[in-house]
């Protein structure tokens, strides 16, 4: 059980709220990724948008993963962490000129291009530097990810990528753009996907598109199928590591690669979510008319997913072994949406108890804000706390 790995006594000396990363969980996760990916020589890029904590990023770099970036800041963070630029892919529907130039100056592996205007701008900026930019076309496969509509990204109605109906027009444009080289195609259908048939549907669409590109005499060096693999938020103690074996097997069994083609993945949440928790203290237990409220010192400024996506996170009282009581667990922010969960049963709680909000290693610390002029949460990890 992961709960046993919390150094609770040392938490009592630390100002809450803060993020805690169990780096042994991260290392175990990365080992499993490497074992399963190595079976077919798959290439895995870590999606920095999930978490760029320096300790976390250092371990991911040490494991040999590349980087999937969606901003110039993330490209710089990957390079600063020591990730080789030749392992950096750069996506994003709105790349600014300085961000493109940063990628060009560092000779990154690939720009995942999302529109014709972006393709033209990259060609122009590369020409000014006397370079040829390697690009992959991000294509909307119009495959449903069966996930929350805020994190569905592969439908034709989404802002991301190039629609399949525009591919002929894009390919016809390349002879007029001498400073870009098409080396691959890229997809990302959404996030927190637990229905593996969504990925099987993506494989079918990729195979169809491969035939289209062959008919246009376009040689593709690599296919990038993005990420999106979900985790188990309900039972993080029992499902610590996502089912990478089943995930990679879907692509091994259903995606037909051409000779000498490589297959790339962009995993974020599945890498880091289960290693992180938001640690908070109980400020008050308030009796309402018909319910009890547990009011924490953590709020949506520290972890916005429940307010933004109505996302579920398991919550544990690390200080109590008493019988369960039903509560609404809320934060101190001056907004009604600052609620982690309603009607939730956990061990009977009192002021000062230490609370862990689980599975917060992805899209937690990285999305924190200073609304209400609150301080950003600090972060600690198991390596440093266990040495104290």
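Bear in mind these aren't lab numbers, they're just calculated from the coordinates by the rules spelled out. Computed from a prediction, not measured in an experiment: that's the story for all the values here. Don't worry about glycine lacking a Cβ; one is built from the backbone with ideal geometry, like all the others, and counts go over all protein chains shown.
As a test, work out the antiparallel percent of DSSP beta bridges whose residues both lie in the chain, rounded to the nearest 5.
40
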Computed E for residue 347/residue 35 - FRET, C-beta separation, R0 41 angstrom, nearest 0.05: 0.65
For the chain, calculated [θ]222 nm from helices alone, where every DSSP H run of n ≥ 4 adds -39500 (n - 2.57): -8000 deg cm²/dmol
When the chain is fully extended, how far beyond the present Cα-Cα distance does residue 334 get from residue 321, taking 0.36 nm per residue of separation? 1.6 nm
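Got a sec? How would 294, 180, 272 order by Cβ neighbour count within 10 Å, fewest to most?
Details: 294 26, 180 22, 272 33.
Starting with the residue having the fewest Cβ neighbours, the order is 180, 294, 272.
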Between residue 195 and residue 235, what is the label-point separation in nm under the 7 Å Cα-to-beta-carbon projection? 2.1
In whole percent, what relative contact order does the stretch 274-385 give with Cα contacts below 8 Å and a gap of six or more residues? 36
For the stretch 274-385, the spread of Cα positions along each principal axis, largest first, Å: 36, 32, 22
Quick one: if you stick a label point 7 Å off each Cα along the C-beta vector at residue 97 and residue 27, how many nm between them? 4.7
When the label point is put 7 Å from the Cα of residue 9 along its Cα-to-beta-carbon vector, which residues of the stretch 367-388 have a backbone N closer than 13 Å? 386-388
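Using Cβ contacts closer than 10 Å as the measure, can you line up 238, 43 from fewest to most? List each step's numbers first, then the result.
Values: 238 9, 43 17.
Arranged by neighbour count, lowest to highest, 238, 43 become 238, 43.
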Between residue 86 and residue 181, what is the spin-label point distance in nm, taking each point 7 Å from the Cα along the Cα→C-beta axis? 1.3
Distance between the stretch 341-355 and the stretch 255-271 - C-alpha centres, whole angstrom: 42
Using r as the Cβ-Cβ distance of residue 54 and residue 293, and R0 as 41 Å, what FRET efficiency do you calculate, to the nearest 0.05? 0.70
By average Cβ neighbour count within 10 Å, what is the ranking of 203-211, 23-31 from highest down? 23-31, 203-211
Using 0.36 nm times the number of residues separating residue 384 and residue 169, minus their current alpha carbon distance, what extension gain do you get? 72.0 nm
What's the extension gain from residue 256 to residue 284 if we count 0.36 nm per residue and subtract their Cα-Cα distance? 4.4 nm
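Classify the stretch 173-250 as rounded, prolate or oblate, taking a ≥ b ≥ c as the square roots of the eigenvalues of its Cα gyration tensor: rounded when a/c is under 1.5, otherwise prolate if a/b is larger than b/c and oblate if not. Walk me through the intermediate numbers first.
Values: a/c = 3.62, a/b = 2.52, b/c = 1.44.
Prolate.
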For a test of the definition: using alpha carbon positions, the gyration tensor, and the 1.5 limit on a/c, classify the stretch 24-273 as rounded, prolate or oblate. oblate
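Could you list 165, 320, 40 so that the one with the fewest beta carbons within 10 Å of its beta carbon is first and the one with the most is last?
On the way: 165 10, 320 18, 40 13.
Arranged by neighbour count, lowest to highest, 165, 320, 40 become 165, 40, 320.
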